[in-house]
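**Q** My questions all concern the structure below.
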Amino acid sequence: MPIEDGTIVPKAESNYAADRMSGYEKFDITFEPLENYFRNIYYKGELVKSFSDTNPNGGVLMCKSIKEGGKLQLKTVYDSQGDLIGVEEVS
């Protein structure tokens with residue numbers, strides 16, 4: 001079950017995966033949810049192996065696609081004001 005603010009939230013009351021990933025859609029990141037959890041992540045339609053977001057406020061999101069074959073490893077990019085401005089491939 002997802003944990004929000006230290007409290008376990010039942011699946012029926014949570015859209016955790018959808019809520020968490022919706023901010024990345026403008027950067028062509030999409031995902032397939034599985035019962036409110038992450039399943040497979042795509043960038044411009046291509047399967048992503050891993051995705052990480054370490055925001056300047058200290059929040060961290062790291063996830064991997066469960067489907068095999070993804071080669072892309074992506075991370076978020078923030079500007080000096082702490083605004084998310086894109087994603088880039090990790091080399």
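**Q** I'd like to compare 45-52, 56-63: which one has the highest average count of other Cβ atoms within 10 Å, and what's the full order after that?
**A** Working: 45-52: 16.1, 56-63: 10.5.
Sorting 45-52, 56-63 by mean packing, highest first, produces 45-52, 56-63.
**Q** Then there's this: Quick one: which residues, 5+ away or cross-chain, put their amide H under 5 Å from the amide H of ASN40? H built at 1.01 Å from N.
**A** GLU32, ILE66
Read-outs throughout are calculated quantities, based only on the coordinates presented, and are distinct from any laboratory measurement. Remember, predicted model here, so these are calculated numbers, not experimental data. Cβ atoms come from the backbone with ideal geometry, glycine included; neighbour counts cover every protein chain shown.
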